[in-house]
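The values are calculated or read from the model by the stated rules, or taken from the named source; none is laboratory data. Quick caveat: nothing in here was measured; it's all calculated off a predicted structure. Every residue, glycine among them, receives a Cβ derived from its backbone with ideal geometry; neighbour counts consider all protein chains shown. These area figures cover heavy atoms from the full protein model, side chains too; ligands, DNA and RNA do not enter into them. Shrake-Rupley method; radii C 1.70, N 1.55, O 1.52, S 1.80 Å.
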Amino acid sequence: MIERRQLLAQAAALAGASLLPGASTSAVAATRIADYPFTLGVASGEPTPDGMVLWTRLAPRPLDPDGGMPQQPVAVTWEVAEDAALRRIVAKGTARAAPGSAHAVHVEVGGLKPDRVYWYRFTAAGHASPTGRTRTTPTFDARPQRLRIAYGSCQKYEAGYWSAYDALVADAPDLVLFLGDYIYEGATGKNTVRPHPPVEAHDLATYRTRYGLYKSDPKLQAAHAAAPWMVIWDDHEVDNDYGLDQDRSNPDPALFLSRRAAAYQAYYEHMPLRRTAGPVGPNMQIYRALNWGQLAQFQFLDTRQYRNRRTCDALSEGKSIPDCPQRDDPARSLLGMPQEAWLMKTLAATTAQWNLLAQQYQMGELKRYRPELRYSNDGWDGYPACRQRIEDQWIKARVSNPIVLGGDIHCFIADELGSDPDRPVASAFVGGSISSLGAGRADLDKLAAANPHLRFTEGEKRGYGRVDLTAKGCDVTFRAVENALVQQSPAFDLAKFHVEAGRRGMHKA
Ligand SMILES: [Fe+2]
């Protein structure tokens with residue numbers, strides 16, 4: 001629980017921090033950094049046909065709020081090459097790592113060739129970073145033969161080890177999607193298998209050190225260095241179950257928004273996002289689309305920042321509410337109306353063979369009987385009219401082969417969307433969790449019995465999803481780790497599904 005006093009102090013600190021970039025000069029100090037500064041590895045993201053974003057952060061001591069860096073800007077050079085040994089350099093430059101953004105670097109590279117693999121590295125103060133592998137996308141009108149993506153979510157650090165990433169790297173995906181809960185803000189909880197700071201993250205310093213801890217993990221670093229990532233957040237990058245300008249424990253919007261501003265700032269500092277995605281106060285736009293030639297388009301959603309407030313809270317136990325009439329109010333949106341309008345327009349315009357909606361949740365309705373009918377008011381079931389409008393648009397705009405990818409629920413779930421599961425409007429796949437603990441067999445059996453559109457459920461294994469696309473078909477593989485409670489554990493195929501192009505509905509292999 002965060003005190004009002006702490007949040008006010010932090011709001012004042014943020015107001016001061018925003019003055020720093022203007023106050024510093026463009027001159028970059030020839031700083032000596034005695035200790036190795038690339039402790040958080042490298043990353044790339046936001047690929048286009050001619051480039052991508054390259055990321056790193058200088059932090060010799062990543063568990064210190066300032067990363068162990070001096071309070072001055074530092075020059076960081078970057079190089080992009082056509083070969084892993086970095087002999088054939090095709091682009092290079094110098095970026096400025098400044099204390100106002102935790103000495104993070106976001107380089108937007110352009111001028112590269114489409115549909116090509118590249119390697120990159122940074123150097124600063126005589127130190128060289130690890131080499132990362134990345135790639136550009138095919139051109140917009142290209143028809144690539146295949147695309148392999150891997151997608152994950154929910155990596156609670158203290159709940160398990162991240163062997164899922166060993167398997168993900170071995171799968172050699174072209175693109176990795178992370179669908180939320182990259183960090184957890186909480187203090188140390190139950191079922192801890194590795195040490196974790198005892199305080200809840202609530203201001204810029206504590207969010208930064210939380211990312212410092214998470215991004216110190218070598219398995220996560222290897223996954224970032226293997227392929228470009230596209231990231232969206234869920235709630236725990238800020239606070240459990242938050243929406244719009246409130247969380248569950250703090251009803252004062254002004255206080256909550258100052259916390260949200262700090263959390264979004266730290267998120268931006270640690271992700272390979274474009275500078276245009278950088279936060280402005282408590283606001284930061286992460287909804288966007290990505291094209292992979294004419295083979296696939298991804299629509300990435302933000303279901304936290306713009307939603308209408310939760311409804312029927314007075315009747316809720318936790319996030320569970322009865323089927324109250326306000327739930328169906330068509331004026332309510334999980335996306336907020338501007339983002340929803342953007343999505344409708346994007347779906348009307350897409351010409352891609354596969355359209356993958358990348359969002360935070362298990363999207364289909366989940367009826368729960370306790371014993372009376374209950375719904376969660378945190379996800380889509382709190383905003384069913386919004387979900388219905390998306391399903392209607394898939395049909396009305398004749399969107400080619402819609403597929404939904406999700407996270408949040410810490411289970412592997414395959415389900416069919418729409419009112420008739422035998423004639424679904426789209427198939428949806430939640431790819432488990434990297435390490436956060438999920439539901440047991442008995443609970444999921446009860447859920448499956450009440451919701452016949454669920455085709456597969458598994459909550460006791462950790463892992464990720466893999467999607468292989470060709471013009472003809474979409475193969476989804478749920479990849480599970482044998483035991484995420486030990487440091488090193490092999491992965492296996494938990495379940496496989498096939499969706500044939502032009503036909504709605506999945507077939508379990
Ligand atoms: Fe989660």
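His236: on the phi < 0 side of the Ramachandran plot, within 16 Å of the ligand (Cβ to nearest atom), open to solvent by 10 Å² or more (accessible area, probe 1.4 Å) and modelled with pLDDT of 95 or more, yes or no? Criteria met by His236.
Of everything in the stretch 270-288 that is open to solvent by 40 Å² or more (accessible area, probe 1.4 Å), part of a loop (DSSP other than H, G, I, E, B) and not small (Gly, Ala, Ser), the residue that is farthest from Gly45 (Cα to Cα) is Gln285. Scan the stretch 396-414 for residues that are touching a residue at least 24 places away in the same chain (Cβ under 8 Å), out of contact with any Gly (no Cβ under 6 Å at 6 or more places or on another chain) and at positive phi and the total you get is 2. Tyr267 falls short on exactly one of the conditions (1) open to solvent by less than 10 Å² (accessible area, probe 1.4 Å); (2) within 16 Å of the ligand (Cβ to nearest atom); (3) part of a loop (DSSP other than H, G, I, E, B); (4) not basic (Lys, Arg), and that condition is (3).
Looking across the stretch 307-366, the residues that are part of a helix (DSSP H, G or I) and touching a residue at least 40 places away in the same chain (Cβ under 8 Å) come down to Asp313, Arg327, Asp328, Gln339, Glu340, Trp342, Leu343, Met344, Thr346, Leu347, Ala348.
Per-residue answers, yes or no, for (1) open to solvent by 20 Å² or more (accessible area, probe 1.4 Å); (2) aromatic (Phe, Trp, Tyr); (3) over 25 Å from the mean Cα position of the chain (by Cα):
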{"site": "Leu58", "(1), (2), (3)": "no, no, no"}
{"site": "Asp64", "(1), (2), (3)": "yes, no, no"}
{"site": "Gly67", "(1), (2), (3)": "no, no, no"}
{"site": "Pro70", "(1), (2), (3)": "yes, no, yes"}
{"site": "Val76", "(1), (2), (3)": "no, no, yes"}
{"site": "Ala84", "(1), (2), (3)": "yes, no, yes"}
{"site": "Arg88", "(1), (2), (3)": "yes, no, yes"}
{"site": "Gly93", "(1), (2), (3)": "yes, no, yes"}
{"site": "Ser101", "(1), (2), (3)": "yes, no, no"}
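Quick check: is even one residue across the stretch 155-177 away from the ligand (no atom under 11 Å from the Cβ), more than 23 Å from Ala225 (Cα to Cα) and open to solvent by 10 Å² or more (accessible area, probe 1.4 Å)? No, that holds for no residue.
For the stretch 239-263, the tally of residues that are assigned to a loop (DSSP other than H, G, I, E, B), open to solvent by 30 Å² or more (accessible area, probe 1.4 Å) and of a type in the set (S, T, N, Q) stands at 2. Quick check: anything in the stretch 449-463 within 18 Å of the chain's Cα centre (by Cα) and open to solvent by less than 10 Å² (accessible area, probe 1.4 Å)? Checked against the condition, which is being within 18 Å of the chain's Cα centre (by Cα) and open to solvent by less than 10 Å² (accessible area, probe 1.4 Å), the stretch 449-463 yields at least one hit. Just one of the listed residues (Arg143, Arg208, Arg135) is at pLDDT 95 or above and either open to solvent by 60 Å² or more (accessible area, probe 1.4 Å) or within 16 Å of the ligand (Cβ to nearest atom) (or both), and it is Arg143. Ala352 falls short on exactly one of the conditions (1) more than 13 Å from Leu301 (Cα to Cα); (2) in contact with an Asp or Glu (Cβ under 7 Å, 6 or more places away or on another chain), and that condition is (2). Taking Gly440 as meeting all but one of (1) open to solvent by less than 10 Å² (accessible area, probe 1.4 Å); (2) under 30 Å from Lys219 (Cβ atoms); (3) away from the ligand (no atom under 16 Å from the Cβ), write down the number of the exception. Only one criterion is unmet by Gly440, namely (1).
Of all residues in the stretch 181-214, those being closer than 15 Å to Ala266 by Cβ and in contact with a Phe, Trp or Tyr (Cβ under 9 Å, 6 or more places away or on another chain) number 11. Answer yes if at least one residue in the stretch 325-345 is surrounded by fewer than 21 Cβ atoms within 10 Å (Cβ to Cβ), touching a strand residue (DSSP E or B) at 6+ places or on another chain (Cβ under 8 Å) and more than 28 Å from Arg259 (Cβ to Cβ), and no otherwise. No, because not a single residue in the stretch 325-345 is surrounded by fewer than 21 Cβ atoms within 10 Å (Cβ to Cβ), touching a strand residue (DSSP E or B) at 6+ places or on another chain (Cβ under 8 Å) and more than 28 Å from Arg259 (Cβ to Cβ).
A single member of Glu200, Glu185 is under 19 Å from the mean Cα position of the chain (by Cα) and within 16 Å of the ligand (Cβ to nearest atom), and it is Glu185.
Could you tell me whether the stretch 469-481 includes any residue that is touching a residue at least 40 places away in the same chain (Cβ under 8 Å), within 16 Å of the ligand (Cβ to nearest atom) and not in a helix (DSSP H, G or I)? For the stretch 469-481, residues touching a residue at least 40 places away in the same chain (Cβ under 8 Å), within 16 Å of the ligand (Cβ to nearest atom) and not in a helix (DSSP H, G or I): absent. Look at Tyr214 and say whether it is over 30 Å from Asn291 (Cα atoms) and either free of Cβ contacts under 8 Å to residues at least 12 places away in the same chain or of a type in the set (Phe, Trp, Tyr) (or both). Taking the combined requirement at face value, the residue does not satisfy it.
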